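Asks: Below you'll find the structure I mean.
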């Protein structure tokens, strides 16, 4: 039951672990761009071998960044119920869209084929890979670096009056507040449990019971989110923040040889996943 209250330990997105590794020293713009194209390549790959290679790469990046793999695995645990439910729904209701494969079960509206099974397996592995990659990116890149890199990559859109700075700021604030809200949710769950609330007694497959357990903390969590947002607004206004204003940057980044090497490696790997015709 105690593991039910360790939410913050299972959240890897939005936390920074400074290990001084090769990935940590890369230019943040290169990291964001390379990770983006890798995620796109994985999302578009539908083969077993391609996704297996992507999964191996995701685990290898943890080793290169000197971040314990248990951080990545802990980030998967909260998503397991969603992955299982999604897999069941795809297996039962998506068979009609993938009827061209070998048919295993054909009973009423349920049609299970080799291609629908491929959809289930590839979707689950793909989900895990994306969580791993996003975890490595945020664990190896500080919030400030993410802000500057996103703003720099989107800067060409300023010519069409796109709010580049505001979008990058909103994105990084959202990522930064993921572990913060996890900690607040953990505190509320412990407070509710100390008052006799029923947390952690039902298995994750008991969706209705787990949903009822979550209701008592939804409204307090919204109140905390609004309070945090108000504090953030006051802090920004006290520093004379003006949306849409012209700003200079104190931090400047220079792309070095290792950055070009990492970028080329990421591009080649993405092209391999996207173009190469894997047999299965």
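Since every read-out is calculated from the coordinates, none of them should be taken as a lab result. Keep in mind that what you see is a predicted model, and the values were worked out from it rather than measured. Cβ: placed from backbone, ideal geometry, glycine included. Neighbour counts: every protein chain shown.
Asks: Sticking with the crude label model, points 7 Å out along Cα→Cβ, report the distance from residue 161 to residue 260 in nm, one decimal please.
Replies: In this crude label model, residue 161 to residue 260 measures out at 3.9 nm.
Asks: Say a paramagnetic label sat at a point 7 Å from the Cα of residue 235, along Cα to Cβ; which residues of the stretch 169-189 have their backbone N under 13 Å from it?
Replies: Zone members listed by number: 173-174, 176-178, 180-181.
Asks: Let me ask something additional. By per-residue mean of other Cβ atoms within 10 Å, what is the highest-first order of 133-145, 60-72?
Replies: Highest mean packing first, the order is 133-145, 60-72.
Asks: What's the center-to-center distance, using Cα atoms, between the stretch 39-78 and the stretch 148-165 in Å?
Replies: Distance between centres, Cα-based: 29 Å.
Asks: Separate question: Along Cα→Cβ, 7 Å out, is where each label goes; now give me the distance between the ones at residue 271 and residue 194 in nm to one decimal.
Replies: 5.9
Asks: Classify the stretch 103-175 as rounded, prolate or oblate, taking a ≥ b ≥ c as the square roots of the eigenvalues of its Cα gyration tensor: rounded when a/c is under 1.5, otherwise prolate if a/b is larger than b/c and oblate if not.
Replies: Prolate, since a/c reaches 1.5 and a/b exceeds b/c.
Asks: Evaluate the distance, in nm, between pseudo-label points positioned 7 Å from the Cα of residue 215 and of residue 187 along their respective Cα→Cβ axes.
Replies: 2.5
Asks: Over the stretch 19-108, what is the mean sequence separation of C-alpha contacts under 8 Å (at least six apart), divided by residue count, expressed as relative contact order in percent?
Replies: 31
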